[in-house]
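To start, the structure itself, in structure tokens.
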Amino acid sequence: MSTIIFTLLIYWLSFFVACFVMVEIAQDALYDEITPYAGLKVAGGSLLLSILLTWFKVRGTPASFESMFTSNIAWTILQGIAWVLVFMLVLRFHPWHALGLGLMAMLLVPGLATMGVDGILARPAPGSAAAQAFAPREPVRKSLSPPTAKAEEPAKK
């Protein structure tokens, strides 16, 4: 359960940052103003998108760059529709602008966010370099002088 919550939070944070930057820049450039309550709209829209991608991840079909355009193409099309609808209905872009910005964001952001989720939540495989980094070791600090040979004790008769 905690893995699902952390997955949702990581997706939400990455989508919020990406969408907020896009909304601030694009609405200012395209419409010379930003819609009121832009932060709350971005928070709600990015939450909807992060719930969708968390559901994909739990189902076993994550939106990774490896599978978005091959084995998971149907889910990628559904995700593209969701991104365009969020940009149009929640973030209040003109439909043509929502189509362009939503698809551009969908092609970049989910794959990067999935890499972040996998990198943060994945456990290192045994024997890998990451697992060996945390393995117990002997202390690095040792004496610099060579070990001295112990004097032989006289044999007892």
Problem set entry | Projected area averaged over orientations for segment 1-53, convex hull of C-alpha atoms, nm² | 3.5
Seminar exercise, completed: For the chain (alpha-carbon point model, no solvent) the Debye-based log₁₀ I(q)/I(0) at q = 0.11 Å⁻¹ works out to -0.54
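Going highest first, how would you order 4-11, 27-34 by mean Cβ packing within 10 Å?
On the way: 4-11: 17.4, 27-34: 11.6.
Packing proxy ranking, top to bottom: 4-11, 27-34.
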Exercise. Using alpha-carbon pairs under 8 Å, 6+ residues apart, how would you state the relative contact order of segment 2-123 in percent?
Worked result: 32
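What value, in deg cm²/dmol to 500, does the helix sum -39500 (n - 2.57) over DSSP H runs of n ≥ 4 give at 222 nm once divided by the residues of the chain? Working shown, then result.
Details: 5 runs with 97 residues, N = 157.
My calculation for the chain gives -21000 deg cm²/dmol from helical runs alone.
Every read-out reported here was derived from the displayed coordinates using simple, explicitly stated rules and does not represent laboratory data. All of these numbers come straight from a predicted model, not from anything done at the bench. Glycine also receives a Cβ, built like all others from the backbone with ideal geometry; neighbour counts cover every protein chain displayed.
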